[in-house]
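Below: one structure, written as structure tokens.
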């Protein structure tokens, strides 16, 4: 069994390799695609456990990945409450750095994730810290992603990481409320280095959003701020020809 894998489809646009450290997730996000993909229920997803990944096997895989990047994580969050005691993510970052593999973090854990900023700041050349930002409204966040850290906490963690010299990025996916997604960019552009933006999929309510208007507004705003960005293909198709050239992936 291979633990570090190459994502397919839309996921491949975020990182060339990924590693899922946990099964399931406590965040309970209403827009999450994982329960359907894993043939489970949202209730069952709320019971996370550590994946059994033998270190000697992981070492063998990492030895073949020098100079590559690995995302932590796609089907779970690397900084769920369980990781406070297990510290699986910290040990994994240490191993990635040991084998000169870039550790690309993506989390909604907020301040919990700051525990490992010492590791990431020591090797900024082998690190990237990212947060998924869906709302600016704490009320909306509590409704849609009840187990995740509040948006303000995630933003503070991003700012702290940036101030420590850690390369930062924000994932604006899914875009549930276009106005809030644009406001996220305005509020965070001073400490987020790169934005990666994708539309809302797997939900009929997404069909009511004017994706062309949002995509155009997002790219126009990012360019005006001089920010590096990547627009995922499912959203980029809505851009007018003059705005279709998006920044390359940086992780």
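Listing for the model above:
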quantity: Residue selected from region 95-115 under the condition surrounded by 24 or more Cβ atoms within 10 Å (Cβ to Cβ) and outside any loop (DSSP other than H, G, I, E, B), by the criterion farthest from the chain's Cα centre (by Cα); calculated: 96
quantity: Test: residue in region 51-64 that is closer than 21 Å to residue 32 by Cα and touching a strand residue (DSSP E or B) at 6+ places or on another chain (Cβ under 8 Å); calculated: yes
quantity: Members of region 117-139 found to be touching a strand residue (DSSP E or B) at 6+ places or on another chain (Cβ under 9 Å), assigned to a helix (DSSP H, G or I) and under 16 Å from residue 169 (Cα atoms), listed by number; calculated: 117, 120, 121, 125, 126
quantity: Residue match in region 67-86 (condition: surrounded by 16 or more Cβ atoms within 10 Å (Cβ to Cβ), touching a helix residue (DSSP H, G or I) at 6+ places or on another chain (Cβ under 8 Å), more than 25 Å from residue 135 (Cα to Cα) and touching a residue at least 60 places away in the same chain (Cβ under 8 Å)); calculated: yes
quantity: Helices (runs of 4 or more DSSP H) enclosed by region 1-94 - at least 1 residues per element that are modelled with pLDDT under 95; calculated: 34-37, 42-45, 81-86
quantity: Selection from region 170-206 of residues that are buried (at least 17 other Cβ atoms within 10 Å of the Cβ), touching a helix residue (DSSP H, G or I) at 6+ places or on another chain (Cβ under 9 Å) and outside any loop (DSSP other than H, G, I, E, B); calculated: 170, 172, 178, 180, 181, 182, 184, 185, 188, 195, 196, 197
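The values are calculated or read from the model by the stated rules, or taken from the named source; none is laboratory data. All of these numbers come straight from a predicted model, not from anything done at the bench. In this analysis, Cβ positions are derived from the backbone assuming ideal geometry, glycine residues included, and neighbour counts consider all displayed protein chains.
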